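Asker: Please see the structure below; I have some questions.
The values are calculated or read from the model by the stated rules, or taken from the named source; none is laboratory data. Computed from a predicted model, the values in this text were never measured in an experiment. Reconstructed Cβ throughout: ideal geometry from the backbone, glycine too, with neighbour counts over all protein chains shown.
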Amino acid sequence: MKWGRRTAPAFSSWMGLAVSMMPTNWTVRPSDFVLLASRLLLALIFVHEGFALALHFDSTVKAMAPLGIGVPLVLATIALQITAGLSVGSGFLTRIGAGALGLFCLATAALFHTNFANHNELLHFEKDLAIAGGMFVLAVAGAGALSLDRWLENSWLMRILKRMERPSLGG
């Protein structure tokens, strides 16, 4: 792969507009590969756990009931883990997904892993804090060039929409 700027070939659409399948000013750096790998590693635990909870829904509800967590919150947790995990992994709305999962990890640590006399609980508490920190860094840094966020930002559709914007007439 060539580092730096590259230009993708333009294709004609049915309206005669010259559009590009790939962004025309797309810069890929080694740090973008690190961000991609980091996003995938961070997303893996949430997507895996979300699907595991969904596949074993009845036992999940039974396990959460003694903790005071009802079915609506179990469903919300599953939905958050899967959708935000996929968001982070794919790089689509990454900052929102990473921020949501970071807050989720802080809440999980504070609500469920505070028995520090138990070494396993302490380890889970620290793990949740570490993952939250990684998610907040990702929320600030963004997904990088190898993401759907960047591709959509530079896509032909966004370029057309930007051209269609008109300055406001009000003062």
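Asker: Inside the stretch 70-94, can you point out the residues that are more than 11 Å from the chain's Cα centre (by Cα), crowded, with 17+ Cβ neighbours inside 10 Å and not aliphatic (A, V, I, L, M)? Walk me through it before giving the result.
Answerer: As a first pass, look at the stretch 70-94 and keep what is more than 11 Å from the chain's Cα centre (by Cα): 70-79.
The next check asks that each one be crowded, with 17+ Cβ neighbours inside 10 Å; those that pass are 74, 77-78.
Listed by number, the list holds a single entry, T77.
Asker: Looking at this structure, is R95 in contact (Cβ under 8 Å) with a residue 24 or more places away in the chain, in a helix (DSSP H, G or I) and among the basic types (K, R)? Steps first, please.
Answerer: On the way: in contact (Cβ under 8 Å) with a residue 24 or more places away in the chain: yes; in a helix (DSSP H, G or I): yes; among the basic types (K, R): yes.
Taking the combined requirement at face value, the residue satisfies it.
Asker: Do you know which of the residues in the stretch 13-40 that are surrounded by 13 or more Cβ atoms within 10 Å (Cβ to Cβ), among the hydrophobic types (A, V, I, L, M, F, W, C) and not in a loop (DSSP other than H, G, I, E, B) is modelled with the lowest pLDDT?
Answerer: Of everything passing the filter in the stretch 13-40, V19 is modelled with the lowest pLDDT.
Asker: On the basis of being touching a Leu at 6+ places or on another chain (Cβ under 7 Å) and either more than 30 Å from R150 (Cα to Cα) or not hydrophobic (A, V, I, L, M, F, W, C) (or both), does G97 make the cut?
Answerer: Against the criterion (touching a Leu at 6+ places or on another chain (Cβ under 7 Å) and either more than 30 Å from R150 (Cα to Cα) or not hydrophobic (A, V, I, L, M, F, W, C) (or both)), G97 does not qualify.
Asker: Next up: So which of G134, G102 ends up being closer than 30 Å to M64 by Cβ, touching a Leu at 6+ places or on another chain (Cβ under 7 Å) and of a type outside the set (D, E, K, R)?
Answerer: Every option except G134 fails the conditions.
Asker: Just one of (1) under 23 Å from V28 (Cα atoms); (2) loosely packed, with under 13 Cβ neighbours inside 10 Å trips up N115, so point out which.
Answerer: Of the numbered conditions (1) under 23 Å from V28 (Cα atoms); (2) loosely packed, with under 13 Cβ neighbours inside 10 Å, the odd one out for N115 is (1).
Asker: Within the bounds of the stretch 138-158, is there any residue that is buried (at least 16 other Cβ atoms within 10 Å of the Cβ) and more than 24 Å from A37 (Cα to Cα)?
Answerer: Yes: one or more hits.
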